[in-house]
Amino acid sequence: EAGVTQSPTHLIKTRGQQATLRCSPISGHTSVYWYQQALGLGLQFLLWYDEGEERNRGNFPPRFSGRQFPNYSSELNVNALELEDSALYLCASSSGRESGNTIYFGEGSWLTVV
Amino acid sequence: LAKTTQPISMDSYEGQEVNITCSHNNIATNDYITWYQQFPSQGPRFIIQGYKTKVTNEVASLFIPADRKSSTLSLPRVSLSDTAVYYCLVGDNNAGNMLTFGGGTRLMVKP
């Protein structure tokens, strides 16, 4: 069974541009989470989607946004890119909002802003 | 929202048992405890999850005392390939929870 898949693996953008990252959850999973991990640092919670709705967002500016599609895949959009947005963006999925549902991560998308 | 505290780093030698403790004093009733392993430039890999007492799988054990204010990940007979960052995550998937990670423990296994 396929795990969480993310694309692209690497993305290079210029400051001020927009970036779109995509995530396909594990089959049957309805919840998708996005995290940002700057080089050498911990995971910072960005967004959580479940059943097509945004359930929560972390302490990030509005230029970080996303959506979840009817097939539960998701995309993360980052507008007006800044140099400090360079990071590994991790997507994770779980089978729903019940307590104890394990969250599984993809391998991430590296975004470099130059 | 349960905040977690872990040692920043630990050193061990091949073949030894490693125990990494995570403190989570304000854990809530519905929170589960999950541990992940992360290698550089890769996504975190699920290791083990528990709610109370002891959980064991093919790679690790998780010990949770009765008050659930801490948890200990036990890795038996570590090898060089276990050198990684280990994160404990305490939270509830239910609505409103941000599932925030702590800083992680950098484990270095030496020959």
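A compact table of results
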item: Sequence ranges B:83-92, A:22-31, A:100-109, B:12-21, ranked by mean other-Cβ count within 10 angstrom, highest first; result: B:83-92, A:100-109, A:22-31, B:12-21
item: Estimated inter-spin distance, B:ASN57 and B:GLN42, nm [label 7 Å along Cα→Cβ]; result: 1.5
item: Shielding by partners, peptide A:90-99 (average Cβ within 10 angstrom, other chains); result: 4
item: Cysteines in the protein assembly as shown lacking a second Cys C-beta under 4.7 Å; result: none
item: Near-label residues of region A:40-71 by backbone N, under 17 Å of a point 7 Å along Cα→Cβ of A:GLN18; result: A:61-69
item: Relative contact order, percent, chain A [alpha-carbon distance under 8 Å, six or more residues apart]; result: 36
item: Using a Förster distance of 25 Å, the FRET efficiency for A:HIS10-A:ASN77 (Cβ separation, nearest 0.05); result: 0.90
item: Fraction of antiparallel bridges per DSSP, chain B only, in percent to nearest 5; result: 85
item: Sparse-neighbour loop sites [trypsin sites (Lys or Arg not before Pro); region B:39-102; at most 14 other C-beta within 10 Å; DSSP]; result: B:LYS52, B:LYS69, B:ARG77
item: Which of B:THR100, A:THR5 has the fewest Cβ neighbours within 10 Å, and the rest in rising order; result: A:THR5, B:THR100
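Throughout, read-outs are computed from the coordinates displayed, never taken from laboratory work. All values reported here derive from a predicted model rather than from experimental measurement. Counting neighbours? That spans all protein chains shown, and the Cβs are built from the backbone with ideal geometry, glycine included.
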